[in-house]
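For reference, the structure discussed in these notes is given below.
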Amino acid sequence: MTIRDPFQFHTGTLPLLISIPHAGTRLTPAVEAGLTDDARPLSDTDWHIPQLYDFARAMGASLLVGNYSRFVIDLNRPSDDKPLYTTATTGLFPDVLFDGRASFQPGKAPSEQERAGYLQHIWHPYHQQLQDELARLKAKHGYAMLFDAHSIASVIPRLFDGQLPDLNLGTNGGESCATALSDRLLRRCEDQQRFSYVLNGRFKGGYITRAYGKPAENQHAVQLELAQVNYMSEQYPFAFDAERAAPLQRLLQQLLETMIAWGAAQR
(Lines give C-alpha, C1' and ligand atoms only; values in the text may rest on other atoms or scores of the structure.)
Protein backbone atom coordinates (compact mmCIF):
# COMPACT_ATOMS: atom_id res chain seq x y z
CA MET A 1 0.00 0.00 0.00
CA THR A 2 1.36 3.40 -1.01
CA ILE A 3 0.22 6.24 1.22
CA ARG A 4 2.00 9.51 0.56
CA ASP A 5 1.96 12.59 2.76
CA PRO A 6 -1.04 11.81 4.98
CA PHE A 7 -1.05 15.40 6.24
CA GLN A 8 0.37 18.89 5.85
CA PHE A 9 1.89 20.58 8.88
CA HIS A 10 2.98 24.13 9.61
CA THR A 11 4.88 24.93 12.80
CA GLY A 12 3.84 28.14 14.50
CA THR A 13 5.12 30.27 17.37
CA LEU A 14 1.97 30.50 19.50
CA PRO A 15 0.65 27.90 21.98
CA LEU A 16 -2.20 27.24 19.53
CA LEU A 17 -2.66 24.31 17.13
CA ILE A 18 -5.43 24.35 14.53
CA SER A 19 -6.43 20.84 13.44
CA ILE A 20 -8.27 20.42 10.13
CA PRO A 21 -8.98 16.70 9.73
CA HIS A 22 -11.76 16.68 7.11
CA ALA A 23 -10.64 19.00 4.30
CA GLY A 24 -8.72 16.31 2.40
CA THR A 25 -9.91 15.04 -0.97
CA ARG A 26 -7.22 12.50 -1.82
CA LEU A 27 -8.51 8.96 -2.44
CA THR A 28 -6.85 5.57 -2.51
CA PRO A 29 -7.41 3.44 -5.64
CA ALA A 30 -9.73 1.05 -3.75
CA VAL A 31 -11.89 3.89 -2.41
CA GLU A 32 -12.02 5.70 -5.74
CA ALA A 33 -13.07 2.51 -7.56
CA GLY A 34 -15.78 1.68 -5.06
CA LEU A 35 -17.57 4.99 -4.46
CA THR A 36 -21.15 5.39 -5.59
CA ASP A 37 -22.12 8.15 -8.00
CA ASP A 38 -23.73 9.92 -5.04
CA ALA A 39 -20.44 9.91 -3.13
CA ARG A 40 -18.08 10.85 -5.96
CA PRO A 41 -18.56 14.62 -5.52
CA LEU A 42 -17.21 14.16 -1.96
CA SER A 43 -20.00 16.36 -0.65
CA ASP A 44 -19.24 15.55 2.99
CA THR A 45 -15.82 17.21 2.77
CA ASP A 46 -15.09 20.20 5.01
CA TRP A 47 -14.59 22.29 1.90
CA HIS A 48 -12.08 25.18 1.82
CA ILE A 49 -11.38 25.16 5.55
CA PRO A 50 -7.58 25.61 5.08
CA GLN A 51 -8.29 28.61 2.85
CA LEU A 52 -10.78 30.01 5.34
CA TYR A 53 -8.22 29.81 8.16
CA ASP A 54 -5.18 30.79 6.10
CA PHE A 55 -4.86 34.03 8.10
CA ALA A 56 -3.91 31.95 11.15
CA ARG A 57 -0.43 31.30 9.78
CA ALA A 58 0.42 34.99 9.97
CA MET A 59 -0.94 35.06 13.51
CA GLY A 60 1.58 32.39 14.51
CA ALA A 61 -0.66 29.34 14.95
CA SER A 62 0.47 25.83 14.06
CA LEU A 63 -1.73 24.10 11.45
CA LEU A 64 -2.29 20.39 10.86
CA VAL A 65 -4.34 19.47 7.78
CA GLY A 66 -5.32 15.95 6.71
CA ASN A 67 -4.80 15.20 3.00
CA TYR A 68 -7.03 12.13 2.58
CA SER A 69 -10.80 12.17 2.26
CA ARG A 70 -12.90 11.06 5.20
CA PHE A 71 -14.23 8.35 2.82
CA VAL A 72 -10.81 6.73 3.14
CA ILE A 73 -10.70 7.10 6.93
CA ASP A 74 -12.24 9.61 9.32
CA LEU A 75 -9.51 11.23 11.41
CA ASN A 76 -12.07 12.55 13.91
CA ARG A 77 -13.32 9.12 14.97
CA PRO A 78 -11.68 6.79 17.51
CA SER A 79 -9.51 4.03 16.14
CA ASP A 80 -11.82 1.40 17.67
CA ASP A 81 -14.78 3.01 15.81
CA LYS A 82 -16.97 3.33 18.92
CA PRO A 83 -19.90 5.71 18.19
CA LEU A 84 -19.49 9.27 19.44
CA TYR A 85 -23.16 10.24 19.24
CA THR A 86 -26.37 8.41 20.12
CA THR A 87 -28.06 10.10 17.15
CA ALA A 88 -27.29 9.43 13.48
CA THR A 89 -23.60 9.67 12.66
CA THR A 90 -20.87 8.18 10.45
CA GLY A 91 -18.00 5.94 11.51
CA LEU A 92 -14.26 5.53 11.14
CA PHE A 93 -14.80 4.16 7.63
CA PRO A 94 -17.97 5.96 6.46
CA ASP A 95 -20.25 3.62 4.51
CA VAL A 96 -23.02 6.21 4.22
CA LEU A 97 -23.18 9.89 3.38
CA PHE A 98 -24.46 12.37 5.97
CA ASP A 99 -27.88 12.15 4.34
CA GLY A 100 -27.95 8.35 4.61
CA ARG A 101 -27.21 7.40 0.99
CA ALA A 102 -24.62 4.66 0.44
CA SER A 103 -20.97 5.69 0.03
CA PHE A 104 -19.86 2.50 -1.73
CA GLN A 105 -21.27 0.29 -4.42
CA PRO A 106 -22.42 -3.15 -3.20
CA GLY A 107 -19.40 -5.37 -2.54
CA LYS A 108 -16.92 -2.64 -3.54
CA ALA A 109 -15.95 -1.12 -0.20
CA PRO A 110 -12.23 -1.43 0.64
CA SER A 111 -11.25 -4.72 2.27
CA GLU A 112 -10.54 -5.05 5.98
CA GLN A 113 -6.85 -5.40 5.13
CA GLU A 114 -6.88 -2.18 3.11
CA ARG A 115 -8.68 -0.32 5.86
CA ALA A 116 -6.21 -1.61 8.44
CA GLY A 117 -3.53 -0.03 6.26
CA TYR A 118 -5.41 3.29 6.24
CA LEU A 119 -5.51 3.19 10.02
CA GLN A 120 -1.78 2.49 10.23
CA HIS A 121 -0.56 4.87 7.54
CA ILE A 122 -3.05 7.78 7.70
CA TRP A 123 -4.91 7.88 11.03
CA HIS A 124 -1.99 7.07 13.32
CA PRO A 125 0.52 9.49 11.70
CA TYR A 126 -2.02 12.35 11.91
CA HIS A 127 -2.69 11.71 15.57
CA GLN A 128 0.99 11.21 16.34
CA GLN A 129 1.76 14.60 14.79
CA LEU A 130 -1.11 16.15 16.76
CA GLN A 131 0.17 14.68 20.00
CA ASP A 132 3.78 15.65 19.27
CA GLU A 133 2.83 19.25 18.54
CA LEU A 134 0.69 19.60 21.65
CA ALA A 135 3.58 18.21 23.70
CA ARG A 136 5.97 20.68 22.06
CA LEU A 137 3.65 23.59 22.78
CA LYS A 138 3.25 22.58 26.42
CA ALA A 139 6.99 22.16 26.84
CA LYS A 140 7.62 25.61 25.34
CA HIS A 141 4.72 27.62 26.76
CA GLY A 142 3.54 25.65 29.78
CA TYR A 143 0.13 25.06 28.18
CA ALA A 144 -1.41 24.22 24.81
CA MET A 145 -4.66 25.08 23.04
CA LEU A 146 -6.22 23.01 20.27
CA PHE A 147 -8.81 24.42 17.87
CA ASP A 148 -10.44 21.67 15.79
CA ALA A 149 -11.87 23.31 12.65
CA HIS A 150 -14.81 21.79 10.76
CA SER A 151 -17.70 22.70 8.47
CA ILE A 152 -20.88 21.05 7.23
CA ALA A 153 -23.85 21.80 5.00
CA SER A 154 -26.36 23.99 6.81
CA VAL A 155 -29.33 21.65 6.25
CA ILE A 156 -29.04 17.86 6.71
CA PRO A 157 -32.35 16.45 8.02
CA ARG A 158 -30.82 13.08 8.94
CA LEU A 159 -28.40 14.75 11.37
CA PHE A 160 -30.34 17.72 12.75
CA ASP A 161 -33.66 19.52 12.46
CA GLY A 162 -34.00 22.76 10.50
CA GLN A 163 -30.97 24.88 9.65
CA LEU A 164 -27.79 24.56 11.68
CA PRO A 165 -26.59 27.64 13.60
CA ASP A 166 -23.76 29.44 11.80
CA LEU A 167 -21.17 28.70 14.49
CA ASN A 168 -21.34 25.51 16.57
CA LEU A 169 -18.80 25.53 19.38
CA GLY A 170 -18.13 22.22 21.10
CA THR A 171 -16.26 21.51 24.33
CA ASN A 172 -17.55 18.01 25.06
CA GLY A 173 -20.14 19.42 27.43
CA GLY A 174 -17.56 21.58 29.18
CA GLU A 175 -14.98 18.82 29.71
CA SER A 176 -12.42 19.63 26.99
CA CYS A 177 -11.48 23.19 28.03
CA ALA A 178 -11.69 25.56 30.96
CA THR A 179 -15.14 27.06 31.44
CA ALA A 180 -13.54 30.52 31.52
CA LEU A 181 -12.25 29.97 27.98
CA SER A 182 -15.56 28.84 26.52
CA ASP A 183 -17.26 31.75 28.31
CA ARG A 184 -14.86 34.16 26.62
CA LEU A 185 -15.58 32.64 23.22
CA LEU A 186 -19.32 32.90 23.79
CA ARG A 187 -18.98 36.56 24.78
CA ARG A 188 -17.08 37.20 21.56
CA CYS A 189 -19.97 35.65 19.64
CA GLU A 190 -22.45 37.74 21.61
CA ASP A 191 -20.59 40.92 20.59
CA GLN A 192 -21.76 40.50 16.99
CA GLN A 193 -25.20 40.15 15.42
CA ARG A 194 -24.43 38.75 11.98
CA PHE A 195 -23.95 35.06 12.79
CA SER A 196 -26.00 32.72 14.97
CA TYR A 197 -24.11 30.50 17.42
CA VAL A 198 -24.48 27.77 20.02
CA LEU A 199 -22.25 26.02 22.54
CA ASN A 200 -22.48 22.22 22.84
CA GLY A 201 -25.55 21.93 20.64
CA ARG A 202 -25.79 19.16 18.04
CA PHE A 203 -21.99 19.12 17.68
CA LYS A 204 -20.27 18.84 21.05
CA GLY A 205 -16.89 17.83 19.67
CA GLY A 206 -15.64 14.70 17.98
CA TYR A 207 -12.86 12.33 18.96
CA ILE A 208 -10.07 14.90 18.61
CA THR A 209 -11.71 17.36 20.99
CA ARG A 210 -12.63 14.64 23.46
CA ALA A 211 -9.28 12.84 23.38
CA TYR A 212 -6.97 15.85 23.58
CA GLY A 213 -8.95 18.33 25.65
CA LYS A 214 -7.41 17.93 29.11
CA PRO A 215 -7.87 21.20 30.97
CA ALA A 216 -6.56 19.73 34.24
CA GLU A 217 -3.28 19.20 32.36
CA ASN A 218 -3.24 22.72 30.86
CA GLN A 219 -4.34 21.38 27.48
CA HIS A 220 -7.56 22.96 26.20
CA ALA A 221 -9.53 21.86 23.12
CA VAL A 222 -12.43 23.51 21.31
CA GLN A 223 -14.24 22.33 18.17
CA LEU A 224 -15.95 24.74 15.80
CA GLU A 225 -18.40 23.36 13.24
CA LEU A 226 -19.30 26.04 10.69
CA ALA A 227 -22.40 26.13 8.50
CA GLN A 228 -20.95 26.18 4.98
CA VAL A 229 -23.63 28.51 3.64
CA ASN A 230 -21.68 31.44 5.10
CA TYR A 231 -18.56 31.08 2.94
CA MET A 232 -19.25 28.85 -0.08
CA SER A 233 -21.84 27.36 -2.37
CA GLU A 234 -23.38 24.28 -0.81
CA GLN A 235 -24.09 22.89 -4.29
CA TYR A 236 -21.58 21.12 -6.53
CA PRO A 237 -18.85 22.15 -7.35
CA PHE A 238 -18.86 23.76 -3.87
CA ALA A 239 -17.14 26.99 -4.89
CA PHE A 240 -15.53 29.26 -2.30
CA ASP A 241 -17.20 32.68 -2.04
CA ALA A 242 -14.58 35.21 -0.93
CA GLU A 243 -17.07 38.05 -0.48
CA ARG A 244 -19.35 35.97 1.72
CA ALA A 245 -16.38 34.52 3.60
CA ALA A 246 -14.75 37.84 4.55
CA PRO A 247 -16.98 38.73 7.54
CA LEU A 248 -16.82 35.14 8.78
CA GLN A 249 -13.03 35.19 8.60
CA ARG A 250 -12.97 38.39 10.66
CA LEU A 251 -15.01 36.70 13.37
CA LEU A 252 -12.87 33.56 13.24
CA GLN A 253 -9.76 35.67 13.72
CA GLN A 254 -11.39 37.38 16.69
CA LEU A 255 -12.20 33.99 18.21
CA LEU A 256 -8.61 32.81 17.83
CA GLU A 257 -7.32 36.10 19.24
CA THR A 258 -9.65 35.58 22.21
CA MET A 259 -8.15 32.14 22.83
CA ILE A 260 -4.61 33.49 22.59
CA ALA A 261 -5.32 36.37 24.96
CA TRP A 262 -7.04 34.07 27.46
CA GLY A 263 -4.12 31.65 27.40
CA ALA A 264 -1.54 34.41 27.89
CA ALA A 265 -3.45 35.70 30.91
CA GLN A 266 -3.18 32.29 32.62
CA ARG A 267 0.61 32.29 32.72
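Worth a mention:
- Computed extension length for Gln105-Gln266: 52.7 nm, one decimal, from 0.36 nm per residue of separation with the Cα-Cα distance subtracted.
- All aspartates and glutamates inside 14 Å of Lys138 as judged from Cα atoms, apart from same-chain residues fewer than 8 positions distant: Glu217
- In this calculation the C-beta distance from Gln113 to Ser233 is compared with R0 = 35 Å, giving a FRET efficiency of 0.35.
- Accessible carbon and sulfur surface of the chain relative to its total accessible area, %, 1.4 Å: 48
- Gain upon complete extension [Ala216, Lys82; 0.36 nm per residue less C-alpha separation]: 45.8 nm
- Förster radius 41 Å - calculated FRET efficiency between Ala139 and Gln163, Cβ distance, rounded to 0.05: 0.45
- Cα gyration tensor shape for region 113-267, rounded if a/c is under 1.5, else prolate or oblate: oblate
- Point-to-point label distance, Gln8-Arg187, nm (Cα→Cβ direction, 7 Å offset): 3.5
- Pairs of alpha carbons in the chain whose separation is greater than 30 Å (percent): 24
- Surface accessible to a 1.4 Å probe, per residue, for the residues of the chain, Å²: 43
- For region 219-267, the Kirkwood hydrodynamic radius from C-alpha pairs, put into Stokes-Einstein at 37 °C and a viscosity of 0.692 mPa s, yields a diffusion coefficient of 260 µm² per second.
- The trypsin sites (Lys or Arg not before Pro) found in region 1-74 that occupy coil by DSSP, while having at most 16 further C-beta atoms within 10 Å, are Arg4.
- Remark: accessible surface ordering of Glu190, Glu112 (largest first) is Glu112, Glu190, probe radius 1.4 Å.
- Trypsin sites (Lys or Arg not before Pro) restricted to region 168-226 and DSSP loop, no more than 12 other C-beta within 10 Å: Arg194
- Whichever aspartates and glutamates have a C-alpha closer than 13 Å to that of Lys204, once near sequence neighbours (fewer than 8 apart) are set aside: Asp148, Glu175, Glu225
The values are calculated or read from the model by the stated rules, or taken from the named source; none is laboratory data. What you see is a predicted model; the values in this text were computed from it and never measured. All Cβ positions, even for glycine, are placed from backbone atoms using ideal geometry, and neighbour counts span all protein chains on display. The accessibility values were calculated without ligands, DNA or RNA, using every heavy atom of the protein model including side chains. Shrake-Rupley method; radii C 1.70, N 1.55, O 1.52, S 1.80 Å.
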